[in-house]
Amino acid sequence: MTQSLTLRRPDDWHLHLRDGAMLQGVLPESARHFARAIIMPNLVPPVVTAADAAAYRDRILAALPEGAGFTPLMTLYLTEETDPEDLAAAHASGLITAVKLYPAGATTNSASGVRDFDKVRGVLEKMAEIGCPLCVHGEVTDPEIDIFDREAVFIDRVLDPVRRATPGLRVVMEHLTTADGVAYVQAHDRDLAATITTHHLIINRNHILVGGIKPHYYCLPVAKRENHRLALVGAATGGDARFFLGTDSAPHTDANKQSACGCAGCFTATNTMSCLAEVFEREGALDRLEGFASLHGPAFYRLPPNEERITLVKGAPVHYPAKILTGAGPVTLFDPGFPLHWRVAE
Ligand code: DOR
Ligand code: ZN
């Protein structure tokens with residue numbers, strides 16, 4: 001018996017598209033299933049001004065396949081020099097949808113991020129005033145803090161104090177990886193939401209380290225213990241509108257991943273909908289997939305949900321290519337480690 005599931009076309013509320021040949025290679029993978037995506041600004045150099053965002057948006061639009069109806073929702077990279085007026089004008093004109101906070105040194109291309117939160121107080125107050133969401137990479141960078149504890153410590157040391165000091169600031173905790181993060185979001189019913197990635201719903205830290213190191217499972221924040229993965233699955237499949245999909249699909253070439261100092265990032269753009277359907281089906285929550293992938297995100301961002309529908313069909317195992325070939329080099333696709341039976345009908 002064929003099973004099928006029709007839902008509003010999903011959006012990706014956290015996506016890395018890169019630039020140049022990599023952008024050209026990976027953009028069709030997101031545009032195939034997703035209508036919109038929040039585009040991360042951690043290019044080299046980063047997207048820091050409205051002019052940078054406009055130019056990057058033009059490059060993305062120019063790289064879109066013929067006829068693709070995909071809208072990039074642009075972000076600015078918050079630095080200690082960000083001009084609140086430039087930001088406010090970019091938000092008012094619709095050029096940017098959000099601003100991204102990377103603590104300096106937290107992850108790929110985050111050197112220009114924030115070191116001293118007092119220096120961005122004025123910008124955050126302006127964002128609260130105009131209702132511009134702050135997307136947060138929630139990890140402390142203190143070398144004393146164990147990498148597996150960096151999200152939980154960030155909540156106490158940085159996120160909670162910043163939110164208290166800036167009433168009305170709308171925050172998205174990006175790529176949540178811990179039960180602590182889930183609990184923090186659940187404890188607040190205003191101005192706070194979180195994205196969850198596909199891969200953090202599927203892998204825990206054993207998948208990265210047991211039986212040999214798996215560079216294609218290494219990302220930041222790094223996957224945690226199984227109890228944390230289970231908390232994320234509960235949050236994603238539980239129907240709570242504060243949690244929605246942000247794949248954090250983050251392509252790096254195989255040469256850069258399979259290296260003595262490999263880059264962080266899992267590339268999931270191509271098979272995310274198949275992976276998610278499998279995860280939600282196992283939880284008996286297929287009826288909640290549309291909320292997670294297509295409804296909760298637009299509701300938080302105060303945008304209408306997509307009118308178009310996609311249909312997922314269940315059948316024999318679906319095979320995806322192991323790698324996407326881009327002009328920058330091959331990029332390995334995330335392997336969920338179990339067969340995928342759901343595909344998006346073309
Ligand atoms: O795994 C990750 N990759 N985490 C991030 O925060 C950044 C991203 C990237 O840009 O490669
Ligand atoms: Zn990211």
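The values are calculated or read from the model by the stated rules, or taken from the named source; none is laboratory data. Note that the coordinates shown come from a computational prediction; the quantities given were computed from them, not determined experimentally. Because the Cβ atoms are built from the backbone with ideal geometry, glycine has one as well, and the counts that use them run over all protein chains shown.
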Candidates Thr247, Thr253, Thr268 - the one that is in contact (Cβ under 8 Å) with a residue 60 or more places away in the chain, away from ligand 2 (no atom under 16 Å from the Cβ), more than 16 Å from Leu7 (Cα to Cα) and not basic (Lys, Arg): Thr253
Any hit, the range 223-242, residues being in contact (Cβ under 8 Å) with a residue 60 or more places away in the chain, crowded, with 17+ Cβ neighbours inside 10 Å and within 16 Å of ligand 1 (Cβ to nearest atom): yes
Conditions (1) more than 16 Å from ligand 1 (Cβ to nearest atom); (2) in contact with an Asp or Glu (Cβ under 9 Å, 6 or more places away or on another chain); number of the one not met by Ile324: (1)
Which listed residue is of a type in the set (S, T, N, Q) and more than 25 Å from Ala21 (Cα to Cα), from Thr71, Thr79: Thr79
The range 307-324, residues that are within 24 Å of Ser259 (Cα to Cα), touching a strand residue (DSSP E or B) at 6+ places or on another chain (Cβ under 8 Å) and touching a residue at least 40 places away in the same chain (Cβ under 8 Å): Lys323, Ile324
Qualifying helices (runs of 4 or more DSSP H) (wholly inside the range 1-114; at least 1 residues being more than 15 Å from ligand 2 (Cβ to nearest atom) and closer than 29 Å to Lys323 by Cα): 20-31, 50-63
Scan of the range 4-17 for residues that are in contact with a His (Cβ under 9 Å, 6 or more places away or on another chain) and either hydroxyl-bearing (Ser, Thr, Tyr) or surrounded by fewer than 24 Cβ atoms within 10 Å (Cβ to Cβ) (or both), ordered by number: Arg9
Test for Ala55: is it small (Gly, Ala, Ser), within 22 Å of the chain's Cα centre (by Cα) and surrounded by fewer than 16 Cβ atoms within 10 Å (Cβ to Cβ): yes
Members of the range 141-156 that are of a type in the set (Val, Ile, Thr) and loosely packed, with under 15 Cβ neighbours inside 10 Å: Ile147
Residue check, Gly284 within 16 Å of ligand 1 (Cβ to nearest atom) and over 18 Å from the mean Cα position of the chain (by Cα): no
Any pair with Cβ under 9 angstrom, 6 or more apart, that starts in the range 159-179 at a residue that is touching a residue at least 60 places away in the same chain (Cβ under 8 Å) and within 14 Å of ligand 1 (Cβ to nearest atom) and ends at one that is of a type in the set (Asp, Glu) and outside any helix (DSSP H, G or I): Glu174/Asp248; His175/Asp248
Within the range 252-267, tally of residues that are hydrophobic (A, V, I, L, M, F, W, C), outside any loop (DSSP other than H, G, I, E, B) and surrounded by 19 or more Cβ atoms within 10 Å (Cβ to Cβ): 0
Which listed residue is under 22 Å from Phe244 (Cα atoms) and of a type outside the set (Val, Ile, Thr), from Pro330, Pro317, Pro298: Pro298
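Yes/no matrix, rows are residues, columns are (1) modelled with pLDDT of 95 or more; (2) in contact with an Asp or Glu (Cβ under 6 Å, 6 or more places away or on another chain); (3) of a type in the set (Gly, Ala, Ser):
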position: Gly284; (1), (2), (3): yes, no, yes
position: Leu289; (1), (2), (3): yes, no, no
position: Phe292; (1), (2), (3): yes, no, no
position: Gly297; (1), (2), (3): yes, yes, yes
position: Lys314; (1), (2), (3): yes, no, no
Some residue of the range 33-48 being closer than 16 Å to Ala269 by Cβ, within 12 Å of ligand 1 (Cβ to nearest atom) and surrounded by fewer than 24 Cβ atoms within 10 Å (Cβ to Cβ): no
Residue among Gly138, Gly131 that is touching a residue at least 60 places away in the same chain (Cβ under 8 Å), touching a His at 6+ places or on another chain (Cβ under 9 Å) and crowded, with 17+ Cβ neighbours inside 10 Å: Gly138
